[in-house]
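The values are calculated or read from the model by the stated rules, or taken from the named source; none is laboratory data. All of these numbers come straight from a predicted model, not from anything done at the bench. We place every Cβ from the backbone using ideal geometry, glycine too, and count neighbours over all the protein chains shown. Ligands, DNA and RNA are stripped out before the accessible areas are found, and what is left, the full protein with its side chains, is counted by its heavy atoms. Shrake-Rupley method; radii C 1.70, N 1.55, O 1.52, S 1.80 Å.
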Amino acid sequence: MKNKHETIASDHKKASAPGDSEPGPLMSSTGKDRVLQWFAVIAAFVICVAALTREPARDLPVQADLDGPVSNREIRSMFYFEAIDLARTQEARDQEAARVPDYYRIDNITVSHKLQLLGRHIVQLQDEREAVAEAVIEALHNSTAEQTAEAVAANAVSAYVTMLKEKDEWASFPESDLLALWLAPDLTSLPERIFENTADNNAEQKTVQLAGEPPEPLTFHNSDVIGNIALEALEYVLRKGIRQDTLPPNHATRRIVIMRDRTPGNLSLTTEITLGEVSTVAEARDELSERITETAQRAARDMEMPDRWARMHDAAFALAKPLVTASIEEDKVYTAGARARAAESVPEVMKEIEAGEIIQDRGRRWTRQSRSDAATYMDILASEERPLQRLVNAMLAHVILVFLVFLGIYKRMHFRQANTQASPSKAFNLALLLLCCVLVTGRIISYFEPTGYVLPVAVAGILYAILVGPQRAALFGALAAALVSAQYQYNWRLLLVAAAMTIAGAFTVYRVRKRSDMTATALVATLVGMLAACAAILATDTLFSEFFFRRIFLIMLNGALCMLAVPGLLPWLEKLFGITTDMQLLEYSDLNNELLRKLAIAAPATYAHSLLLGQIAEEAAEAIGANGLLARVCAYYHDIGKRKKPEYFAENQASRKNIHDSLSPLDSARAIRQHVVEGAREAQEHKLPQPIIDGILEHHGTCKISFFYEQAQEQNPEMDIPETEFRYPGPKPQRPETAILMICDASESGVRSLEHPTLEAVRKFVGKIIRARSDDDQFEDCHITLRQLSQIRDVVARALVNAMHTRIAYPPQNNAATTTHEERK
């Protein structure tokens with residue numbers, strides 16, 4: 001017959017049998033549990049959808065409300081939307097328009113007039129070529145041998161030009177010496193002279209006739225080249241752009257664009273420069289001279305007369321220089337059009353209208369901005385479907401959204417989470433409860449503060465992180481923030497702030513050992529929320545606006561609510577879901593606990609053993625990243641079952657007779673293993689947290705009580721001794737902390753048998769204990785690695801050696817020297 005108290009261990013063993021996987025959140029072990037779980041999920045689903053869906057609005061504004069100079073009703077936004085900020089939009093467009101430069105055009109009328117005038121001058125010169133040719137031929141006929149043909153022609157042209165300059169129509173032409181360059185015939189076209197022969201060598205030889213009488217007509221190709229050079233250079237300079245010599249103040253730095261219809265030379269259709277960089281008339285004449293010089297040099301090389309370019313330059317420049325004048329004019333029409341197009345290209349600057357914000361007060365004058373905001377709001381209302389259809393569509397959207405959130409939380413619960421006391425079903429149910437609370441609270445708050453920034457979503461994330469773990473809490477916080485943003489008209493800024501605060505709080509409150517840790521977490525979440533709000537505002541607006549300070553105040557109020565709500569709700573959730581947190585463990589680590597005080601009185605050696613074991617187990621757990629606090633508290637209570645019969649255990653026998661000498665091996669084994677069951681029963685009676693009860697049941701696992709088993713085999717060599725009667729009820733350790741407790745308990749008890757407990761000897765002994773437990777498959781359910789076992793061995797060995805140090809043996813002294821102050825009194 002099994003002892004009635006052993007049912008505690010057997011039930012625990014069945015529930016946590018090796019190889020069994022814990023049922024998922026919706027796969028509870030019994031049919032009744034499944035029904036309750038599904039009922040809870042459906043109820044939470046309905047609550048979340050209802051909290052998200054706002055009832056249809058009534059008494060909506062109409063177009064008639066916008067008529068008149070004064071509003072006859074209050075218009076308040078029912079939801080978040082964006083409207084055009086007229087002032088900022090106009091400011092942005094004015095700035096963009098101001099960046100557009102002034103546009104100037106080349107004055108084609110002026111340019112054409114100057115080019116035509118130069119052309120007429122050239123034609124007028126060309127008309128005189130025949131008369132010039134006759135004068136040159138006549139001069140050649142009358143020349144002597146001492147005169148060169150070039151000199152004769154030059155004198156003839158000069159005399160003819162002098163005669164022309166005496167006429168009024170030639171007064172505007174250049175001086176005679178420059179004008180003569182235009183009328184000089186080509187030297188290669190001058191006819192050869194034939195002189196008469198005289199007997200007197202001293203007599204002058206006169207020209208008798210010209211070769212090829214009548215001579216070939218004289219040519220003026222060089223003059224044509226000079227004309228082309230003058231025309232091309234003048235057109236280039238005029239179309240490049242020439243401004244007036246004087247400018248109004250501050251106009252020299254204005255950016256302008258010069259537009260051209262024709263692009264002689266290397267000019268482009270448009271050129272953007274400052275107005276001061278445009279050439280004046282004097283500067284343009286210098287550019288004309290440079291342009292003519294370049295062209296004349298090139299033409300002289302082509303004609304194989306490189307020494308003639310200076311004369312060509314002087315001739316062309318003299319005729320074109322007087323025609324240089326201002327050639328640009330401002331195109332104000334085109335400039336206005338360009339600025340209008342630039343302004344239109346600027347997107348409208350939007351402003352936020354929060355849910356519940358007053359767009360127009362009753363009895364106040366309409367402003368251009370408020371009328372625009374109201375018109376935008378009414379357009380949004382008009383574009384939506386009928387109220388009932390709008391409600392149905394919103395509910396369907398929220399059903400889909402809540403379903404996706406529930407599915408995401410459910411799937412995340414199946415991933416293994418280290419160092420958590422919450423099973424997947426507890427974690428899922430807790431998530432549903434917190435989600436419902438957040439959304440219901442958000443719906444209530446929305447009637448008083450419609451922006452949602454004061455809603456403490458971070459409270460749910462911080463509580464979930466403490467009870468379940470930061471990684472699961474981060475996902476839960478992001479999903480909760482998404483639903484809250486949907487509740488407040490899909491406000492993406494609220495989503496950003498709520499998610500940032502929740503995730504920051506979840507990862508900050510990784511391990512709570514003091515109440516102040518929760519306050520610090522709330523402060524961190526508040527700071528992160530304020531930074532997220534600043535980022536959201538900077539993306540679309542400017543800081544230090546009315547909205548900015550209002551949101552910062554609401555976020556600070558949100559953080560204050562977090563400071564108050566988290567410590568207040570945590571104990572209730574711990575009890576409701578049976579989840580043990582570090583805060584609860586700290587309460588049970590108090591050595592004044594009733595059970596520990598009773599153990600210290602009834603079994604002081606066991607009590608001392610438990611305290612030492614707690615320090616060693618905590619250090620070992622911290623070394624592998626496990627929960628050191630849980631390992632220490634489990635160590636304090638692991639042997640409370642020995643309080644009933646302390647004399648059955650060696651550490652409490654002292655000099656008394658060993659009671660096991662009068663018992664059979666089987667009875668002794670039953671008495672020894674009974675302390676596990678008794679300890680679990682007492683823990684349950686005193687309502688200790690389940691992880692501590694697990695530590696009591698698992699710290700021996702299903703190990704064999706080898707001493708009495710071998711004694712039974714020696715006393716009954718012919719009998720088949722059932723090994724199960726000599727094993728602890730178990731179960732095997734289910735988490736690293738209880739595995740560490742098993743190793744520390746066995747090592748601390750056995751290491752005292754070593755004669756020379758050096759560090760190496762203790763290290764080998766602890767390693768032997770670990771190998772024996774591993775060979776007995778005691779660690780197969782607790783997810784502990786070989787590397788971690790090696791770390792545990794080293795830490796435990798070092799801690800045991802430090803605990804077993806010996807004191808220095810002082811030499812004996814006389815009584816007077818060693819008498820204490822109290823004894824002398």
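Observations on the model:
- With a Förster radius of 35 Å applied to the C-beta separation of residue 113 and residue 84, the computed FRET efficiency comes to 0.10.
- Per-q log10 I(q)/I(0), the range 420-482, q = 0.18, 0.23, 0.29 Å⁻¹ (Debye; single scatterer per alpha-carbon; no solvent): -0.60, -0.88, -1.23
- Once the gyration tensor of the Cα atoms in the range 634-705 is diagonalised, the equivalent ellipsoid follows with semi-axes of 24, 13, 10 Å, ordered largest first.
- Helical contribution to [θ] at 222 nm, DSSP H n ≥ 4, -39,500 (n - 2.57), averaged over the chain, rounded to 500: -19500 deg cm²/dmol
- For the residue pairs 598/645; 704/764; 426/575; 411/687, alpha carbon separations beyond 23 Å are given by 411/687.
- The distance from the alpha carbon centre of the range 117-191 to that of the range 696-723 is 143 Å, rounded to a whole number.
- Across q = 0.12, 0.15, 0.16, 0.19 Å⁻¹, the range 204-326 modelled as identical point scatterers on its alpha-carbon atoms has Debye log10 I(q)/I(0) values of -0.57, -0.77, -0.84, -1.02, in the order of the q list.
- Positive dipole terminus of the range 702-742, leading residue within 729, 708, 739 (C-beta point charges): 739
- Summary of packing: across the peptides 565-575, 478-488, the per-residue average of other C-beta atoms within 10 Å ranks them, highest first, as 478-488, 565-575.
- For a paramagnetic label modelled on residue 247 (point 7 Å from Cα along Cα→Cβ), amide N atoms under 16 Å away belong, within the range 273-296, to 273-284.
- In the range 717-775, the C-alpha radius of gyration followed by the widest Cα-Cα span (Dmax) gives 14.5, 43 angstrom.
- Filtered trypsin sites (Lys or Arg not before Pro), the range 300-364: DSSP coil and at most 14 other beta carbons within 10 Å: 362, 364
- Tail fraction, Cα-Cα pairs, the chain, threshold 46 Å, whole percent: 60
- Relative contact order %, the range 229-363, counting alpha carbon pairs below 8 Å whose residues are six or more apart: 29
- Cα point-scatterer Debye curve for the range 248-379, base-10 log of I(q)/I(0) at q = 0.15, 0.16 Å⁻¹: -0.93, -0.98
- Note on residue 802 and residue 175: the model spin-label points, each 7 Å out from Cα along the C-beta direction, lie 11.2 nm apart.
- Coordinate range along principal axes, alpha carbons of the range 675-718, Å, largest first: 46, 15, 12
- Distance from the range 596-617 to the range 65-113 (C-alpha centre basis), Å: 82
- Considering only alpha-carbon pairs that sit under 8 angstrom and 6 or more positions apart, the relative contact order computed for the chain is 14 percent.
- Only the Cβ atoms of Lys and Arg (+1) and of Asp and Glu (-1) were treated as charged; on that basis the dipole of the range 101-182 about its Cα centre amounts to roughly 340 debye.
- Taking the accessible area of the chain, probe 1.4 Å, and keeping the other protein chains in place, the carbon and sulfur fraction comes to 55%.
- Neighbour net charge for residue 517 - beta-carbon separation under 13 angstrom, K R +1, D E -1: +3
- Sorting the segments 775-782, 428-435, 592-599 by their residues' average number of neighbouring beta-carbon atoms within 10 angstrom, most packed first, yields 428-435, 775-782, 592-599.
- The alpha carbon convex hull volume per residue for the range 670-790 rounds to 125 Å³.
- The calculated FRET efficiency for the pair residue 271 and residue 490, based on their C-beta separation and a Förster distance of 45 Å, comes to about 0.35.
- Amide H contacts of residue 274 (H built 1.01 Å from N, in plane; Pro and chain starts excluded): 256 sit under 5 Å, all sequence-distant by 5 or more or on other chains.
- Long-range amide H partners of residue 104 with built H, under 5 Å: 257, 258, 259, 331
- If you take the Cα centroid of the range 739-760 and the Cα centroid of the range 434-465, the two points sit 53 Å apart.
- Label sites at residue 281 and residue 94, each approximated as a point 7 angstrom past Cα along Cα to Cβ, lie 3.9 nm apart.
- Label-to-label distance, residue 749 versus residue 350, with points set 7 angstrom from Cα along the beta-carbon direction: 7.1 nm.
- With only the Cα atoms considered, the range 54-177 has a convex hull volume of 282 Å³ per residue.
- Sites residue 772 and residue 601, calculated FRET efficiency, Cβ-Cβ separation with R0 30 Å, nearest 0.05: 0.30
- Loop-located trypsin sites (Lys or Arg not before Pro) across the range 82-149 with a Cβ neighbour count of 11 or fewer within 10 Å are 99, with loop assigned by DSSP.
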